[in-house]
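Reviewing the structure listed below.
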Amino acid sequence: MSTLNEVLTKNLHGLYYGNRILLPFKADILKAVIEKSIITDFSDFSEQAEYEIKDNRTEIYFYEYADLSEFITTYETIKLIVVEEGRDIFDIKNHIKLILHLNDGHEIKIEEAGENFLFIE
Amino acid sequence: MRKILPVVLLAFLLFGMTNQVNASDFVNPAALSAEIVNSDAEHSLPPVFMVIPFVTLLLLIAVMPLFAHHFWEKHYPKFSIALGTITVLYYLLVMNDTHSLLHTLAEYLSFIALLASLFVASGGILIKVDKKATPMLNVIFLLFGAVIANIIGTTGASMLLIRPFIKINQDRIKPYHIIFFIFLISNIGGALTPIGDPPLFLGFLRGVDFFWVFEHVWYMWLPTIIVVAAVFYFIDSRNNDGQEKSKEYTGQIEFKGYKNVVYLLIILISVFIDPNVISWVPNLYPLPFGIREIIMFSVVYLSYKTADKEILSSNEFDFEPIKEVAYLFIGIFATMIPALQLIAYEANLLGDKLNPGIFYWATGLLSGFLDNAPTYLNFLSAAMGKYGWDVNNAVDVHNFEIEHAVYLQAISVAAVFFGAMTYIGNGPNFMVKSISERAGIKMPSFFAYLIKYSIPILIPIFILVWLAFYYGRV
C-alpha cells in the first residue's frame, strides 16, 4: 500500500471500471464533484455514491453512472476532497484536493489540484 | 453525434417547408418576432391552450432539479425536444404556419451560434488574478465586467470572467457571489450598446442608432449598477470566510490564450455581418442562417481545435454547459411561439392604453421568463403600432427613437435588466450556473434564486427605476 504522498510524487495511478474507482491509498472522502453533481453524502443510504476503505486501497462507487468513461470527456475530471487515513480529519490542512483524469486502459491519473483548477471545498 | 440528433431533428421540423416562404423572410435571420406579429394577419392566432407546452417546460426546468435531480439531468433533452415538437407539429399540421417556425429556427440558430462561439473561444483563455479577495476588489471586478459586457457582450464577458472570479474568491465563495455576477455581468451590465445584449442588437438591426442606447440608458444603467454593487458590497463585507488563510499574493494578473482573443474579435466583428447592416453581405436564402452564423460555427470548430490543450485542461473545458443551453433553449424557443404571438396580439389591442411604465413592467417581467430578444421586438412593435409605425421600416424606427424615445428606452432597459430575474432569463445565466456547479459550488434552485435573490434584491431596485423614470409618464 502507498501513502497519498507517494502516489502523488511517484505518479502512481488508480483504476476505474464502469462506475467503480480504485485509488491506491487509504483515505476518507469528504466531497466529490462529478459533472454538475456535488456529492457529500457517502452514507449507506446515499443514492449517489459510497466509498470503502480496503486493506490497500479506497474504492468509490458512483451509483448514478453506469460507465464513468461515457460521461467524463477529454478535459473533464472527477474532483475529490480526501483526508488520508490516520490524519486528523478536523484539521483543514489535511484536506487534500485531488483531480482524477480518466485515461485509456482503465487508468486514472491522480494529481493534486493546483492553482489553475476551479475546485471549491 | 447521437446525442445531438434530437436537436437536429427538431431543427428540421422547425425548418419545415421552406419553399413556401418568401426570400424576404430570410433577410435577417436574427429578427423574428415583429414579423410574427405581422404574420398574425396571415395566420390565425394559436389557441390559448397551446401555451401549455411552454408553461410545462418552464415548470419542469424549475421543479425537476429540486425533486428528481438525477432523472432530470439524464432526460431533460427528451422533455425539451418532445414539448417543442408538440408546438412545431401544431403549427405545421393544424395552423399551416411555417412562417413563424422558420423565423424561430433562424433566431435559435443565431442565438446558439453566438453563445457557442463565445463559450468555446473564451474556454481557451486563462486569466489568473493572484490577489487577495476583498469586497472592494470584487466590486471593482464586477463593475469592470459590467463595462466590458458592452464591448464583448454579456455572454463573452460572463464566459471570460466567471472562472477568474471564482478563483479569486475560492476561499470564501458563496452562491451570492455567482448570483451577483449573473446580475451585473451576465445581464444588467450589457445595457449600453447593441453588442451588450441580444434584444438591443435586434433593435440595432431594425434601425435604432448604435449610440442611441448609450445616450438614453447610461443614466439609468449607472445608478442601477451602483446600487446592485452596493448591495453586493454590503453582503460581501459580512463574509469573513478565508480570513485565517495566510497565503502570500503576488498581485499579478496573468493572461494566457491570446490566440483565442483573436477568435473573440472575429465573433464580435461577425455580429455586424448581416444584410441589414452591410448591404453587400449575401442572403443565403433558403437556408435559415446567414454568413454570420457560418463564421460563428466555424469559430466554434477552429477555436476548439487550435486551443492550447493545457488551458482547456485548466478550464476543464467541456461542451456540456453549451449542450444544456442548446437543448433547453430549442424547447423554449419552439414552445414560446404561441405565448409570444398571444402577447403581441394583446399588446397591439391594448396599445393605446399602455404607457411607458406598463411597457417597462410587461417587457421586463416577460423577459425574465421568456427569451428577452423576441419579447423586446414584440413590445417595440406594439409601442410603434400605437403611432401607426411599422417596426420593419427602418425610417419608422428612427423616427420612433427620436419622437417617442421614452417607450424605446423603457422596453430596452427592461428587456436587459429583467433578464437577470431567473436562470432562463438570458443565455449566459445558465452557463455561469453550470460552470459554478462544476467547480463545486452548490447553486440555489430556480425558485430559491427567485425568492432569495432576484425578488428581494432586484425587484425593489427595478421599482426605483420605474418610480424615477416612468411613474406617471404618458
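Go through region B:187-235 and give me each residue that's of a type in the set (Ser, Thr, Tyr), in contact (Cβ under 8 Å) with a residue 60 or more places away in the chain and over 22 Å from B:Leu467 (Cβ atoms).
Within region B:187-235, B:Tyr233 is the sole residue that qualifies.
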Self-check item: Among (1) among the basic types (Lys, Arg); (2) under 23 Å from A:His13 (Cα atoms); (3) within 11 Å of chain B (Cβ to nearest Cβ) - the single one A:Arg57 does not satisfy
Solution: (3)
Quiz item: Is at least one residue of region B:103-122 within 14 Å of chain A (Cβ to nearest Cβ), outside any helix (DSSP H, G or I) and touching a Pro at 6+ places or on another chain (Cβ under 9 Å)?
Solution: no
Quiz item: Given B:Gly419, B:Gly388, which one is on the phi > 0 side of the Ramachandran plot and not charged (D, E, K, R)?
Solution: B:Gly388
Quiz prompt | B:Lys245 at pLDDT below 90, out of contact with any Lys or Arg (no Cβ under 7 Å at 6 or more places or on another chain), surrounded by fewer than 13 Cβ atoms within 10 Å (Cβ to Cβ) and of a type in the set (Lys, Arg) | solution = yes
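Could you check how many residues of region A:70-93 are more than 24 Å from B:Phe319 (Cβ to Cβ) and under 15 Å from the mean Cα position of the chain (by Cα)?
Residues that pass the stated criteria total 5.
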Quiz item: Among the residues of region B:286-315, how many are away from chain A (no Cβ under 14 Å), within 17 Å of B:Val261 (Cβ to Cβ) and part of a loop (DSSP other than H, G, I, E, B)?
Solution: 1
Exercise. Return the residue satisfying two criteria in turn: it lies in region A:69-108 and is out of contact with any helix residue (DSSP H, G or I) (no Cβ under 9 Å at 6 or more places or on another chain), in a strand (DSSP E or B) and β-branched (Val, Ile, Thr), and of such residues it is farthest from the other protein chains (Cβ to nearest Cβ).
Key: A:Ile108
Quiz prompt | Selection within region B:258-310 - of a type in the set (Val, Ile, Thr), touching a residue at least 24 places away in the same chain (Cβ under 8 Å) and closer than 15 Å to B:Leu115 by Cα | solution = B:Ile266, B:Ile267, B:Val271, B:Ile295, B:Val299, B:Val300
Quiz item: Out of all the residues in region B:449-470, which are surrounded by fewer than 13 Cβ atoms within 10 Å (Cβ to Cβ) and among the hydrophobic types (A, V, I, L, M, F, W, C)?
Solution: B:Ile451, B:Ile455, B:Ile463, B:Leu467, B:Ala468
Quiz item: For the subset of region B:331-366 comprising residues that are under 13 Å from B:Leu380 (Cα atoms) and among the small types (Gly, Ala, Ser), which member is surrounded by the most Cβ atoms within 10 Å (Cβ to Cβ)?
Solution: B:Gly364
Exercise. Would you tally the residues in region A:11-26 being farther than 30 Å from B:Lys74 by Cα and either among the charged types (D, E, K, R) or assigned to a strand (DSSP E or B) (or both)?
Key: 1
Quiz prompt | Scan of region B:422-459 for residues that are more than 14 Å from chain A (Cβ to nearest Cβ), in a loop (DSSP other than H, G, I, E, B) and not hydrophobic (A, V, I, L, M, F, W, C), ordered by number | solution = B:Thr422, B:Gly425, B:Asn426
Practice problem: Scan the helices (runs of 4 or more DSSP H) fully inside region B:318-418 and keep the ones with 3 or more residues being more than 25 Å from B:Ala149 (Cα to Cα) and more than 14 Å from chain A (Cβ to nearest Cβ). | Solution: B:320-350, B:356-369, B:372-385, B:394-403
Quiz item: Picking from B:Glu293, B:Glu310, which residue would you name as being surrounded by fewer than 18 Cβ atoms within 10 Å (Cβ to Cβ), farther than 20 Å from B:Asn429 by Cβ and out of contact with any His (no Cβ under 9 Å at 6 or more places or on another chain)?
Solution: B:Glu310
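Report whether or not A:Leu118 is more than 9 Å from chain B (Cβ to nearest Cβ) and not acidic (Asp, Glu).
no
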Quiz item: Is it true that some residue in region B:88-97 is among the aromatic types (Phe, Trp, Tyr) and closer than 20 Å to B:Phe181 by Cβ?
Solution: no
Practice problem: Would you point out the residue of region A:1-54, among those that are of a type in the set (Lys, Arg), away from chain B (no Cβ under 14 Å) and within 14 Å of the chain's Cα centre (by Cα), that is nearest to B:Arg438 (Cα to Cα)? | Solution: A:Arg20
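Which is surrounded by fewer than 15 Cβ atoms within 10 Å (Cβ to Cβ) and within 21 Å of A:Glu6 (Cβ to Cβ), of A:Asp44, A:Asp91? Break it down stepwise before answering.
Working: A:Asp44 fails: within 21 Å of A:Glu6 (Cβ to Cβ).
Every option except A:Asp91 fails the conditions.
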Quiz item: Given the residues B:Ile178, B:Ile195, B:Ile151, B:Ile166, which is the only one that is crowded, with 24+ Cβ neighbours inside 10 Å, of a type in the set (Val, Ile, Thr) and touching a helix residue (DSSP H, G or I) at 6+ places or on another chain (Cβ under 9 Å)?
Solution: B:Ile178
Quiz item: Could you say which residue among B:Phe297, B:Phe333, B:Phe369, B:Phe319 is more than 23 Å from B:Val208 (Cα to Cα), touching an Asp or Glu at 6+ places or on another chain (Cβ under 8 Å) and aromatic (Phe, Trp, Tyr)?
Solution: B:Phe333
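The values are calculated or read from the model by the stated rules, or taken from the named source; none is laboratory data. As the structure is a prediction and not an experimental result, all values here were calculated from the model. Glycine gets a Cβ as well: all are built from the backbone with ideal geometry, and neighbour counts include every protein chain shown.
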